[in-house]
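The values are calculated or read from the model by the stated rules, or taken from the named source; none is laboratory data. In this text the structure is predicted, and so the values were computed from the model without any measurement. Cβ coordinates were reconstructed from backbone atoms using ideal geometry, including for glycine residues, and neighbour counts include every protein chain displayed.
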Amino acid sequence: MTEVKRIDPRGPRFGAGITSALSLASFAMSLQFGFVAGHPLMVALFVLFAWSVLFPKTHPYQFIFQKLVRPRLQEPTELEDPRPPQFAQKVGFAFAILGTIGGLFLSILIPVAAAFIFIAAFLNAFFGFCLGCQMYLGLRRFGIIR
Amino acid sequence: METSLIATLGLLAFGVIGGVIFKFLQGKGRRVSSREIIDLGKLNAKNNELPITEYGKKATLVQFSTQYCGQCPGVKRTLSQLEYRLGGLRFAEVDITERLDVAAHFNISQTPTVFLLDEDGHLIYRMGGVPKMNQLMEELQKLGVK
């Protein structure tokens, strides 16, 4: 196993807080006003997840956390491996693809994808559970991911 | 308006209830009746990065981890400290990131999963998620670990 640079675990949780707010908004807007209102928010989530999967170091969540949030917090008690949250971002990205592309053909997929993203992000932000990381093995064993 | 509001509040409530249940179930242990002997050598178990084959004089804790598991390093640290503090206890860790056969054999779908073995290496108790320490201590005391 190669050494990886460890990160402040509150960074991903801060990002998950914003993601849960955006996904809940996309869910509510798509149900209330339909495709026109829900889809742009889903596209925003798609872009944010894609950014986080492809260029995690330059992600805006990371920037806001480093510049504005972390200086106001105490030093972290421990640092964590960045791979679990990166894996979780990929799971989120998969759902955002479903909502963004699938939503073009079947608009019900927007609130469905938004609901899944919300639950995973909400559990991460407010309960400290990384659903995707924890279920990684289960997902692989049942062939859902390779 | 009302239906989408109710659905949104429902989703939010689902997240909160899900988080509370998850927290409650997390790390809860259960007895195992098969009494299968766990071969540490075959599993390629490690203690402090070194291979381990011997069981503890009274009990052994085996932690299954993956590289994507955010909570595994913290649990490993806690259990290693227990090994150091308590007499007759040994700790071993098995990385199953690429070993789905092992995960399938023991029906492991989340990490960390911790097995408690008796002095002869029989599996007698298992915990999925971050172990509840009071439960674990109770089980260890039954095996004479103090």
B:Asn107, sole failed condition from (1) over 15 Å from the mean Cα position of the chain (by Cα); (2) on the phi > 0 side of the Ramachandran plot; (3) within 14 Å of another protein chain (Cβ to nearest Cβ): (1)
Residues located in region A:55-68, provided they are surrounded by 11 or more Cβ atoms within 10 Å (Cβ to Cβ) and farther than 17 Å from A:Ala121 by Cβ: A:Phe63, A:Gln66
Members of region B:100-130 found to be outside any loop (DSSP other than H, G, I, E, B) and hydrophobic (A, V, I, L, M, F, W, C), listed by number: B:Leu100, B:Val102, B:Ala103, B:Ala104, B:Val114, B:Phe115, B:Leu116, B:Leu117, B:Leu123, B:Ile124, B:Met127
Residue within region A:94-110 that is within 21 Å of A:Trp51 (Cβ to Cβ), at the interface with chain B (Cβ under 10 Å from one of its Cβ atoms), hydrophobic (A, V, I, L, M, F, W, C) and part of a helix (DSSP H, G or I) present: no
Filtered residues of region A:99-115 (kept if surrounded by 20 or more Cβ atoms within 10 Å (Cβ to Cβ), more than 20 Å from B:Leu5 (Cβ to Cβ) and of a type outside the set (Gly, Ala, Ser)): A:Thr100
Residue match in region A:64-78 (condition: of a type in the set (D, E, K, R), at pLDDT 80 or above and within 10 Å of the chain's Cα centre (by Cα)): no
Hey, B:Val62 modelled with pLDDT of 90 or more, buried (at least 19 other Cβ atoms within 10 Å of the Cβ) and closer than 23 Å to A:Arg140 by Cα or not: yes
Region B:82-99, subset away from chain A (no Cβ under 14 Å) and either within 30 Å of A:Gly143 (Cβ to Cβ) or in a helix (DSSP H, G or I) (or both), residue modelled with the highest pLDDT: B:Ala92
Residue in region B:30-37 that is more than 14 Å from chain A (Cβ to nearest Cβ), of a type in the set (S, T, N, Q) and part of a loop (DSSP other than H, G, I, E, B) present: yes
Meets criteria (in contact (Cβ under 8 Å) with a residue 12 or more places away in the chain and surrounded by fewer than 22 Cβ atoms within 10 Å (Cβ to Cβ)) for B:Met137: no
Options A:Val43, A:Val91, A:Val53: the member that is in contact with a Lys or Arg (Cβ under 9 Å, 6 or more places away or on another chain) and either away from every other protein chain (no Cβ under 11 Å) or within 16 Å of A:Ser23 (Cβ to Cβ) (or both): A:Val53
